[in-house]
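The values are calculated or read from the model by the stated rules, or taken from the named source; none is laboratory data. In this text, all values refer to a predicted model and were calculated from it rather than measured experimentally. Here Cβ is always computed from backbone atoms with ideal geometry, including for glycine, and neighbour counts include all displayed protein chains.
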Amino acid sequence: MAAFGRFTQALLRSSLTQTRRQLSAAAGAHGEQAARTWKILSFVVALPGVAVCMLNTFMKEHSHENPEFVPYSHLRIRSKRFPWGDGNHSLFHNSHVNALPDGYEGHDE
C-alpha cells in the first residue's frame, strides 16, 4: 500500500510540474504578444498624436491676435500697487497677452 501511495505522489508531482511548465510557457508567449501590441500602438497612435499636438501648438503660437479689450469693472482690479517694477504689471506679465487696466501695451486706440 505504501508503494501505491509513493507512486501516486510521484505521478501527481510530475503532472503538476508539467502543468506549471505549460502555464509558464503560455504566459511567456502572452507577454511577448502584449509587448508587440504596445510597441505597435506606440508608433501608430502615440507618436502621431504627439506630432499633431505639437503642430497645433506651433500654429496657435504664431497666429496669435489679441482679443478686443473690454474694460470690465470686475477684472484687472489694482487696489494696491505690486511691490516690483512700476506697480502696475503682474510678476509674470506678458505684454503680448496680458492687458493692463487701461488696455494692451503699445496699442493706442
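In table form, for the structure just shown:
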quantity: Flag for HIS89 being assigned to a loop (DSSP other than H, G, I, E, B), under 15 Å from GLU105 (Cα atoms), in contact with a Ser or Thr (Cβ under 9 Å, 6 or more places away or on another chain) and of a type outside the set (Lys, Arg); calculated: yes
quantity: Any hit, region 1-17, residues being modelled with pLDDT under 85, out of contact with any Leu (no Cβ under 7 Å at 6 or more places or on another chain), over 30 Å from GLU105 (Cβ atoms) and in a loop (DSSP other than H, G, I, E, B); calculated: yes
quantity: When residues of region 36-86 are limited to those that are in a helix (DSSP H, G or I) and among the charged types (D, E, K, R), the one farthest from GLY103 (Cα to Cα); calculated: ARG36
quantity: Every pair of residues 6+ apart whose Cβ atoms lie under 6 Å, when the first sits in region 61-84 and is surrounded by 10 or more Cβ atoms within 10 Å (Cβ to Cβ) while the second is not in a loop (DSSP other than H, G, I, E, B); calculated: PHE69/GLY103
